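The values are calculated or read from the model by the stated rules, or taken from the named source; none is laboratory data. None of the values given here were measured: they were computed from a predicted structure. Neighbour counts run over all protein chains shown; Cβ positions are idealised from the backbone, glycine included. Heavy atoms of the whole protein, side chains included, go into the accessibility calculation; ligands, DNA and RNA do not. Shrake-Rupley method; radii C 1.70, N 1.55, O 1.52, S 1.80 Å.
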Amino acid sequence: MKEYIKELFSGYVRIKVIGSYTELFINRCIEYNIPIWDISRVDNETILLSLYTTDIKRIRPHLKRTRCKIRINERKGFPFIFKKIVYSRGFLSGVISCILLILILSNMVWSITVNGATPEVEHKLKQVAEELGVKKGAFIFQLPSNQELQQEMTESLKEITWVGVKRSGSTYHFEVVQKQLPEKQPALNARHIVADKKAIITKIYVEEGQVQVKENDYVKPGQLLISGFIGKEEKSELVPARGEVYGKTWYITNVSIPLKSTFETNTGERETKYAVGFFGFHLPIWGFSKPEFPRYETIISETNLRFLKWEIPLSFQTKALLETKEVTREYTEKEALQAASQVSREDIISKTSEKAEIKEEKILHHEVENGKVNVKIHYEIIEEIGKDIPIIQGD
């Protein structure tokens, strides 16, 4: 049995030995410990025998001495089978095609799961994911990174507080935390509405409570606007005051705008290069020439490839070259004042409520100093000025 296994794995040949001294050849093989077997005579000058492929070189001196020659009749064993397979174009191309197909399919998106979302939010999230390229059949190495997907989805969907993105093989998992919008409950505790800042009253809307001021009154912070006491003094009741009080308020901002500034900006032109990475070495496969533009910003994205469920030491790299140029922006004094007004307005809007309205804007002072325009601007705003305070027993 051991000899049979050795024959299969080592490989052997069935040869014809032709000559007048074939018996002498056999004797010399036995004498020099060259294994031969399955010996049979074909005719007076021809015999058939088997020997290992590694012993073919060893029999050459004995062939010469016995004036014999050989012809290989058959080749047997795994080495010859393997060689035949390797040199078979059809089989080899089939194996390569199969491996490539599995590699391609292993690096495509085949499943998308969403957890923690209502059906409506899940549908919206999948729509946003599809707009970003995450859909069945998409190549994983062409998609944005998990961090970019998370940021884009969180900004696009107002219904969610947070979304986690995880890729497992060819499946994308999205974990969603939805915003909990509590129902507005009526206040149960008695309260007043008082002024939050200095203002001149412009409008008053009272739902419940007793108003203590009127339009055009000047109020200070903490002054009572809507009282939580209703009725006469001897029969007064405590209620949660509800309403809105709008007043005219004032703000002053100080802004500095440089007359000349230099910065880098993207022009919109780009070139994309692709490379295959292997153990830290990257072989370019597309985009070999240098970019046509001299200044550019490089953004590199790299994705490790998979074969079935295993991650292989092969990656696909995308290198985006974005053209940039240095831009020098110069303002005239008038343009600088306009830019300062825009910056100042944005600052005021960030400090006030959504319902706030700018009624008047006035430049109090401006001067040019050290290449900058320093501007002081006064704003008159109409905004809600009331805030709730609880009524403490004994007030």
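A simple rule links phi to the HN-Hα coupling: the Karplus curve 6.51 cos²θ - 1.76 cosθ + 1.60 with θ = phi - 60°, which for the range 246-253 gives 10, x, 8, 10, 9, 9, 10, 10 Hz, with x for Gly and Pro.
Show 236, 344, 289 ordered by accessible area, largest first, where the area counts protein heavy atoms only and the probe is 1.4 Å.
In descending accessible area the options line up as 289, 236, 344.
Placing +1 on each Lys and Arg Cβ and -1 on each Asp and Glu Cβ, with no other charges, gives the range 261-329 a dipole about its Cα centre of roughly 160 debye. Accessible surface for the chain, divided over its residues, is 67 Å² per residue with a 1.4 Å probe.
Whole-Hz Karplus values for the range 103-110 come out as 5, 5, 5, 6, 10, 10, 7, 10 Hz, taken residue by residue from phi with 6.51 cos²θ - 1.76 cosθ + 1.60 and θ = phi - 60°; glycine and proline positions read x. To the nearest ten degrees, helix 146-156 and the longest principal axis of the Cα atoms of the chain are 30 degrees apart.
In order along the range 65-81, phi translates into HN-Hα couplings of 5, 9, 6, 10, 9, 10, 9, 6, 8, 9, 10, 9, x, 4, x, 6, 5 Hz, rounded to whole numbers, per the Karplus curve 6.51 cos²θ - 1.76 cosθ + 1.60 with θ = phi - 60° and x for Gly and Pro.
Contact order for the chain, expressed relative to its length and based on alpha carbon pairs under 8 Å spaced 6+ residues apart, stands at 13 percent.
Here the simple spin-label model places points 7 Å from the Cα toward Cβ, and for residue 115 and residue 102 these points are separated by 2.9 nm.
Over 19 Å between Cα atoms: which of 16/57; 220/355; 16/84; 135/273 fall into that group?
Values: 16/57 15 Å; 220/355 21 Å; 16/84 22 Å; 135/273 24 Å.
Pairs exceeding the cut-off: 220/355; 16/84; 135/273.
Working from Cα pairs under 8 Å separated by at least six residues, relative contact order for the range 115-181 is 34 percent. The chymotrypsin sites (Phe, Trp or Tyr not before Pro) of the range 1-101 that meet both conditions, a loop assignment by DSSP and at most 13 other Cβ atoms within 10 Å of the site Cβ, are 32, 87.
Counting only C-alpha contacts under 8 Å and six or more residues apart, can you give the relative contact order of the range 238-395 as a whole percent? If you can, show how the numbers build up before the last one.
Details: 274 pairs, mean separation 53.8, N = 158.
Reported as a whole number, the value is 34 percent.
Relative to the longest principal axis of the Cα atoms of the chain, helix 22-31 runs at roughly 60 degrees. Remark: spin-label model distance residue 310-residue 370 equals 6.5 nm, labels positioned 7 Å along the Cα→Cβ axis.
D for the chain, whole µm²/s, Stokes-Einstein with Kirkwood Rh over alpha-carbon pairs at 4 °C and 1.567 mPa s: what number?
41 µm²/s
Among the trypsin sites (Lys or Arg not before Pro) within the range 318-385, those in coil by DSSP and having at most 15 neighbouring Cβ atoms inside 10 Å are 355. Annotation: amide H-H contacts under 5 Å for residue 305 (H modelled 1.01 Å from N, sequence separation of 5 or more, or interchain): 312, 314, 315, 316.
For the chain, which longest stretch is free of loop sites, where a loop site is one of the GluC sites (Glu not before Pro) that DSSP puts outside H, G, I, E and B and that has at most 15 other Cβ atoms within 10 Å?
In the chain, the maximal stretch lacking such sites is 46-158.
Under the rule a/c < 1.5 gives rounded, and otherwise a/b versus b/c splits prolate from oblate, where does the range 241-307 land using the Cα gyration tensor? Cα axes put the range 241-307 in the oblate bin. Under 5 Å from the amide H of residue 212 lie the amide H atoms of 226, 227, each residue being 5 or more positions distant or on a separate chain, with H modelled from the backbone and absent for Pro and chain starts.
Under 1.5 on a/c is rounded, so check that first for the range 238-353, then, if it is not, pick prolate when a/b is larger than b/c and oblate when it is not; a ≥ b ≥ c are the square roots of the alpha carbon gyration tensor eigenvalues. Oblate shape, in that a/c is at least 1.5 and b/c is the bigger or equal ratio.
Can you give me the % of accessible surface on the chain that is carbon or sulfur? Probe 1.4 Å, all protein chains present, nothing else counted. Ligands and nucleic acids excluded, carbon and sulfur reach 52 percent.
Ranking 377, 350, 300 by Cα position along the charge dipole of the chain, where only Lys, Arg, Asp and Glu carry charges on their C-beta atoms, puts 300 farthest toward the positive end.
Every helix of 4 or more DSSP H residues in the chain counts as -39500 (n - 2.57), and over all residues that averages to -8000 deg cm²/dmol at 222 nm. Under a 5 Å amide H cut-off, with hydrogens placed 1.01 Å from N, residue 11 pairs with 78 among residues at least 5 apart or on other chains.
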